[in-house]
Amino acid sequence: MGRLEELRINAYLSQIARGYTNNAFIAGALFPEIESELEKVDIFEFNKEAFSVYNTERAIRANSNVISPKGFTKKTTTLTEHDLAYPIDYREEEESKKVKLQLHATNVVTEGLKLKHEKQCADLAQNPDNYPTGNKITLSGTSKFTDADSDPLGVIEDAKDAVASKIAQDPNTMFIGQETWKVLKRHDQLKGLISDNLNKIVTMNFLKEIFEIPNIYIGKAVFVDEEGNFVKIWQDNIVLAYTANLSSRTEYDPAFAYTVKKKNSLYIDEYQKEGKKVKYIRATDIYTPFIVGPEAGYLISDTN
């Protein structure tokens, strides 16, 4: 194969990878992606300057009222490279349609990178140590949603109030583990809020209405552990957060988290080792997920 043809195939497979989606992966809604030209990045943390009440009245010929800037808290860090390769033996390639096998390999390595990202984000978001005091709760006893006398609506309202008290914004995003969702949609308290002339089924739209949270996602993704068992990435937890609108984001936006990604870093290429009987289709990406505003999030653990 000529070098130009190789580059064309690599570019084509890279486009396939960049357009790849898996409906089970939802972390991008909690850790929205922002691009960086460089691998070394500065992460700015939210401060409350924009919410201070200042003395703005000025008498004739008096000096202007000058703010004493508080500045930003800045963290400098370096993004991490991730890569994964899929082997194709020359005999396999001869027995199959070449591009079709390469497409399969591309999907497998892309899925692997995205699964790793999903788990990284879930591990960050579900770790109580990443939240300040007052922005987390672990349910126990009758407070667990599996108890008939529990109060999920009250727990959610308290979580919303906790976030709003620290960032002056209500959370606009909620992540619910699938096992928690199974319990919530059958909970008598929530079903009791449904009008008598409707079927007593708690739907996603109804949940958004009663919780007053516009973006709700159910965590269904799984991974295989070392014993070969399927494990849910999103456990019986709920994460509430304020996530930024990327089209209007500023340093003042009290967003919970981001995935900082090097621009155009997702790339598919191929390489061979000594002997040249095995070709490798490789996916490379450079990114790191960060919680930048822990006050903008709230974790409800052990709901079931």
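The values are calculated or read from the model by the stated rules, or taken from the named source; none is laboratory data. For clarity, every value in this text was computed on a predicted model and none was experimentally measured. Here the Cβ positions follow ideal geometry from the backbone for every residue, glycine too, while neighbour counts run over all protein chains shown.
The number of residues in the stretch 264-304 being over 27 Å from Trp181 (Cα atoms) and touching a Cys at 6+ places or on another chain (Cβ under 8 Å) comes to 0. Only residues that are in contact with a strand residue (DSSP E or B) (Cβ under 9 Å, 6 or more places away or on another chain) and over 13 Å from Arg186 (Cβ atoms) were counted across the stretch 200-214, and they come to 5. Per the conditions (1) of a type in the set (Val, Ile, Thr); (2) closer than 30 Å to Phe230 by Cβ; (3) within 25 Å of the chain's Cα centre (by Cα), the sole criterion not satisfied by Ile201 is (3).
One line per residue, one yes/no per condition, for (1) within 18 Å of the chain's Cα centre (by Cα); (2) surrounded by 12 or more Cβ atoms within 10 Å (Cβ to Cβ); (3) over 28 Å from Ala122 (Cβ atoms); (4) modelled with pLDDT under 80:
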{"position": "Arg18", "(1), (2), (3), (4)": "yes, yes, no, yes"}
{"position": "Lys40", "(1), (2), (3), (4)": "no, no, no, no"}
{"position": "Leu79", "(1), (2), (3), (4)": "yes, yes, no, no"}
{"position": "Asp83", "(1), (2), (3), (4)": "no, yes, no, no"}
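For the stretch 168-188, which positions are over 26 Å from Cys121 (Cβ atoms) and surrounded by fewer than 17 Cβ atoms within 10 Å (Cβ to Cβ)? Outline the logic, then answer.
The first filter runs over the stretch 168-188 and keeps only residues over 26 Å from Cys121 (Cβ atoms), leaving 186-188.
Residues satisfying the conditions are Arg186, Asp188.
Any residue at all in the stretch 156-178 that is more than 30 Å from Val260 (Cα to Cα) and either of a type outside the set (A, V, I, L, M, F, W, C) or assigned to a loop (DSSP other than H, G, I, E, B) (or both)? Looking through the stretch 156-178, at least one residue is more than 30 Å from Val260 (Cα to Cα) and either of a type outside the set (A, V, I, L, M, F, W, C) or assigned to a loop (DSSP other than H, G, I, E, B) (or both). One residue stands out among those in the stretch 210-243 that are aromatic (Phe, Trp, Tyr) and in a loop (DSSP other than H, G, I, E, B): the one that is farthest from Gln120 (Cα to Cα), which is Tyr242. The residue that is nearest to Gly297 (Cα to Cα), counting only those in the stretch 123-142 that are of a type in the set (A, V, I, L, M) and in a helix (DSSP H, G or I), is Ala125.
Residues considered: Asn63, Asn47. Of these, the only one that is of a type outside the set (A, V, I, L, M), modelled with pLDDT under 80 and either touching a strand residue (DSSP E or B) at 6+ places or on another chain (Cβ under 9 Å) or assigned to a helix (DSSP H, G or I) (or both) is Asn47. Considering only residues in the stretch 262-304 that are in a loop (DSSP other than H, G, I, E, B) and among the hydroxyl-bearing types (Ser, Thr, Tyr), the one that is modelled with the lowest pLDDT turns out to be Ser265.
Among residues belonging to the stretch 247-260 that are of a type in the set (A, V, I, L, M, F, W, C) and either under 25 Å from Leu207 (Cα atoms) or at pLDDT 90 or above (or both), point out the one that is nearest to the chain's Cα centre (by Cα). Walk me through it before giving the result.
Initially, the stretch 247-260 is screened for residues of a type in the set (A, V, I, L, M, F, W, C), giving 255-257, 260.
Then keep just the ones that are either under 25 Å from Leu207 (Cα atoms) or at pLDDT 90 or above (or both); that gives 255-257.
Numbers: Ala255: 12, Phe256: 10, Ala257: 8 Å.
Filtering first and then ranking leaves Ala257.
On the basis of being modelled with pLDDT of 70 or more, of a type in the set (Ser, Thr, Tyr) and farther than 30 Å from Ile216 by Cβ, does Thr56 make the cut? Steps first, please.
Numbers: modelled with pLDDT of 70 or more: no; of a type in the set (Ser, Thr, Tyr): yes; farther than 30 Å from Ile216 by Cβ: yes.
Considered against the rule, which asks whether it is modelled with pLDDT of 70 or more, of a type in the set (Ser, Thr, Tyr) and farther than 30 Å from Ile216 by Cβ, Thr56 comes out as no.
Quickly run through the stretch 129-143 and pick out the residues that are more than 14 Å from Asp236 (Cβ to Cβ) and in contact with a strand residue (DSSP E or B) (Cβ under 7 Å, 6 or more places away or on another chain). It would help to see each step written out before you state the result.
Of the residues in the stretch 129-143, the ones more than 14 Å from Asp236 (Cβ to Cβ) are 129-136, 141-142.
Answer for the stretch 129-143, where residues must be more than 14 Å from Asp236 (Cβ to Cβ) and in contact with a strand residue (DSSP E or B) (Cβ under 7 Å, 6 or more places away or on another chain): Asn130, Tyr131, Asn135, Lys136.
Filter the stretch 182-197 down to the residues that are in contact with a helix residue (DSSP H, G or I) (Cβ under 9 Å, 6 or more places away or on another chain) and of a type outside the set (S, T, N, Q), then identify the one that is modelled with the lowest pLDDT. Among those residues, the one meeting the criterion is Ile194. For the stretch 143-167, filtered to residues that are modelled with pLDDT of 90 or more and of a type in the set (Asp, Glu), the residue that is surrounded by the most Cβ atoms within 10 Å (Cβ to Cβ) is Asp151.
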